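Here the structure is laid out as structure tokens; the discussion comes afterwards.
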Amino acid sequence: MKYVRDIATTWLDWAKLEPLVQQYHGLITDDVREDTKRLDSFEAFQDGVGRLKVFADRRRAFLLGPAKD
């Protein structure tokens, strides 16, 4: 459980995760835009950052919340 707590407090903290997400998003944005065989729209790709934040925030809250019996 120590490792789970470490992941939740360190890597699911949006203040730490957002710069990495933005960095990688910037690296691949042009390639995604130009991809003619992508499965989703470019707008869905752009919206993914927001969805990733929601996921990280919810998962972090769950993992750091009170223990369930």
- [ ] Output the residue which, of all residues in region 7-37 that are surrounded by 11 or more Cβ atoms within 10 Å (Cβ to Cβ) and of a type in the set (D, E, K, R), is nearest to A61 (Cα to Cα).
- [x] D13
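For region 52-69, name all the residues that are part of a helix (DSSP H, G or I) and more than 12 Å from E18 (Cα to Cα).
First pass over region 52-69, keeping only residues part of a helix (DSSP H, G or I): 52-64.
Correct list: F55, R58, R59, R60, A61, F62, L63, L64.
Have a look at T29, T10 and point out the one that is in a helix (DSSP H, G or I), modelled with pLDDT of 95 or more and either on the phi > 0 side of the Ramachandran plot or hydroxyl-bearing (S, T, Y) (or both). I'd like the intermediate steps shown before the answer.
Values: T10 fails: modelled with pLDDT of 95 or more.
Being in a helix (DSSP H, G or I), modelled with pLDDT of 95 or more and either on the phi > 0 side of the Ramachandran plot or hydroxyl-bearing (S, T, Y) (or both) holds for just one of T29, T10, which is T29.
The values are calculated or read from the model by the stated rules, or taken from the named source; none is laboratory data. A quick note: this is a predicted structure, and the numbers were derived from the prediction, not measured. Here Cβ is always computed from backbone atoms with ideal geometry, including for glycine, and neighbour counts include all displayed protein chains.
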